[in-house]
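The structure appears right after this line, and notes come after that.
The values are calculated or read from the model by the stated rules, or taken from the named source; none is laboratory data. Just so it is clear, the structure is predicted and the values come from calculations on it, not from any experiment. Positions of Cβ are backbone-derived with ideal geometry, glycine not excepted, and every protein chain shown enters the neighbour counts.
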Amino acid sequence: MSYRGFNKPISTNWTTRDWLSWAMDERLLLDVRTDIPEGVCAGCYGGTDKTYEDTTFVRDPSGFMTLHTELRRWPRCFPCNSFDGLDGILPISYSLGNRLESAIWRAKNDTAHRWLNVPLASILHTFLSSHLECIEDKWGPVDVITVVPSHATARGGWDHMKDLISKVRTWPGKGVWELDLLEKVGLSNADTRRDRPRADLFQLMPDKGAIEGQRVLLLDDTYTTGGTLRSAGLAVKAAGGQPIAVTIGRQVRNDQYGAHIVADATNRAPLFDPRRCAIH
Ligand SMILES: [Zn+2]
Ligand SMILES: [Zn+2]
C-alpha cells in the first residue's frame, strides 16, 4: 500500500469546523451506511466475507414449484460473529487507501505529517458533539471516555491517540474523560493471530479504581479487523466494565468483500454528511 501525502494548509486559528471542511475538500471522508443492499456487517460495517446459498421454492406461472437458489452474503462478518470484546462499534467514516487511510497512516508513521492529527481530532470532535447522544440512546449513558493507547516504547513514546485528543481543548462528555485508563502491555500485534483479540494485550493502569458496571467508550483511529480494539475491550471487560468503541475510520478494501461498499460510498453525493451517523 502506498499512502498519499498532504500539503499542510496555511492555517491561522482554524476551528474544528474549518479543519472538517478541509478534510471534506480533500475527499477523505465517506459516509458509513447501513442501507447498502447486502453484505454490510451489522456489527462493524465492513464487507461480509462469506456467501451462502439461499434456496427457496418458487411457483412458476403454470403452477409448478421450482427450486430457486440465490447466493447471499452473511449479515455479520466472521470476527464480529466469533469474537467477544466489544458491545458495539461505531465508525465515523469509511477509510480507503488514498483517502482517510492515508491521513491516519501519515499522522501516525510520518513525523512530517503529524499535523494531520489536528484535522483528525476535528473530525472526531465534530462527530462526538453530534452523536454522543445517539451512542447513549443505543448503549446507555457513557461513564468513561478513553483511548486505545500505544505501547510505551512505540514511536519513541509518542502516543498517537493521546496526541490527537490533545489537539482540541474541550470535548463533549465533560467530566468522564480518563485518558490514562488502559496501558498496552503486549509489545506488538505481530504475534496476534489475524483478527483474534488477545486478553493480555492491554490492562487497566495499576492505579485505577474499579470500573465495575461502567460503560466505557474506547476511541481509536481506525478499525480494520478489530483485533486491537477488541483486545482493549477485553481488558475493560476483565475489570468489570462494558466497552463500546468509536473509530475515525473503518477500512474497506476494493476487493470481493468490500467493492460494493466502496462503490456505494464513493458514488454518493455528498460523500460525507457530519450530521449523519451509522446508528441514526
Ligand atoms: Zn463485523
Ligand atoms: Zn447519530
Quick check on THR55: is it in a loop (DSSP other than H, G, I, E, B), in contact with a strand residue (DSSP E or B) (Cβ under 9 Å, 6 or more places away or on another chain) and not aliphatic (A, V, I, L, M)? no
Among the listed residues PRO91, PRO79, identify the single one that is under 16 Å from GLN251 (Cβ atoms), within 12 Å of ligand 1 (Cβ to nearest atom), touching a Ser or Thr at 6+ places or on another chain (Cβ under 9 Å) and modelled with pLDDT of 95 or more. PRO91
Selection from the stretch 28-52 of residues within 14 Å of ligand 1 (Cβ to nearest atom) and part of a strand (DSSP E or B) yields VAL40, GLY47
Among the strands (runs of 3 or more DSSP E) contained in the stretch 193-280, which hold 2 or more residues that are touching a residue at least 40 places away in the same chain (Cβ under 8 Å) and either touching a strand residue (DSSP E or B) at 6+ places or on another chain (Cβ under 7 Å) or surrounded by fewer than 21 Cβ atoms within 10 Å (Cβ to Cβ) (or both)? 215-223, 242-251
Does GLU183 count as away from ligand 2 (no atom under 16 Å from the Cβ), over 16 Å from the mean Cα position of the chain (by Cα), surrounded by fewer than 18 Cβ atoms within 10 Å (Cβ to Cβ) and outside any loop (DSSP other than H, G, I, E, B)? yes
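Condition check ((1) of a type in the set (A, V, I, L, M, F, W, C); (2) touching a Phe, Trp or Tyr at 6+ places or on another chain (Cβ under 9 Å)) across all residues:
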{"residue": "ARG198", "(1), (2)": "no, no"}
{"residue": "PHE202", "(1), (2)": "yes, no"}
{"residue": "GLN214", "(1), (2)": "no, no"}
{"residue": "ILE248", "(1), (2)": "yes, yes"}
{"residue": "VAL262", "(1), (2)": "yes, yes"}
{"residue": "LEU271", "(1), (2)": "yes, no"}
Are any residues in the stretch 25-67 hydrophobic (A, V, I, L, M, F, W, C) and more than 24 Å from VAL252 (Cα to Cα), and if so, which ones? PHE57, VAL58, PHE64, MET65, LEU67
Just for the stretch 146-164: of the residues that are more than 14 Å from PHE202 (Cα to Cα) and in contact with a helix residue (DSSP H, G or I) (Cβ under 7 Å, 6 or more places away or on another chain), which one is surrounded by the most Cβ atoms within 10 Å (Cβ to Cβ)? LEU164
Restricted to the stretch 86-139, and to residues that are surrounded by 22 or more Cβ atoms within 10 Å (Cβ to Cβ) and assigned to a strand (DSSP E or B), which residue is nearest to ligand 2 (Cβ to nearest atom)? LEU90
From the set of residues in the stretch 45-85 that are among the β-branched types (Val, Ile, Thr) and more than 30 Å from ILE135 (Cβ to Cβ), which is nearest to ligand 2 (Cβ to nearest atom)? THR51
Filtering the stretch 23-44 down to residues that are within 16 Å of ligand 2 (Cβ to nearest atom) and among the β-branched types (Val, Ile, Thr) yields VAL32, THR34
Condition test on PRO61, is it within 27 Å of the chain's Cα centre (by Cα), away from ligand 1 (no atom under 16 Å from the Cβ) and surrounded by fewer than 17 Cβ atoms within 10 Å (Cβ to Cβ)? no
